[in-house]
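The structure under discussion appears below in the form of structure tokens.
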Amino acid sequence: MRSKKAELETTYLLEFKNGERQKITVASSWKVTFGPAVAGVNKGRSDLQMPMALRFYEAENKQRAIFTDVVSFRDVAIVIEEERVNTQEKQGYVEVDGKRKSTTFRAETREWVDPDTASDPRLLPSVDDAD
């Protein structure tokens, strides 16, 4: 059972232009807006592009935070899954017409994972690296 405090808060995952990610937890009643850091500047101007900004307002005229260079954000309560493809290769031999030939065997597996909690097996050391 969630606590009363948790029910009144929302946690957002922010992804920035430089690849960094941050989480912010605010009151669920706060207003959230996303757009150019300076409103109206990007309209009709290709020579000047303001960075995108995520704003949090406690009340209509009480802005509490602004984050610039945000490329995406979401409520972490939304479950996201991405398809992860793992490929393994192994060198081996097959016999064809009485001759032994070198070949590469390849196995591919696909699975759906939560990118926020699943570790990327491509970043883990392989069995061969452990020696």
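What follows is calculated from the coordinates using simple rules that are stated; it is not laboratory data. Model, not experiment: these values are computed from the prediction. Please note: Cβ atoms are built from the backbone with ideal geometry, for glycine as well, and neighbour counts cover all protein chains shown.
Residues with beta-carbon under 10 Å from that of Tyr57, excluding Tyr57: net charge, scoring Lys, Arg +1 and Asp, Glu -1?
Every neighbour counted, the sum reads +2.
Peptides 16-24, 63-71, 92-100 ordered by packing proxy, namely the average of other Cβ atoms within 10 Å per residue, highest first: 63-71, 16-24, 92-100.
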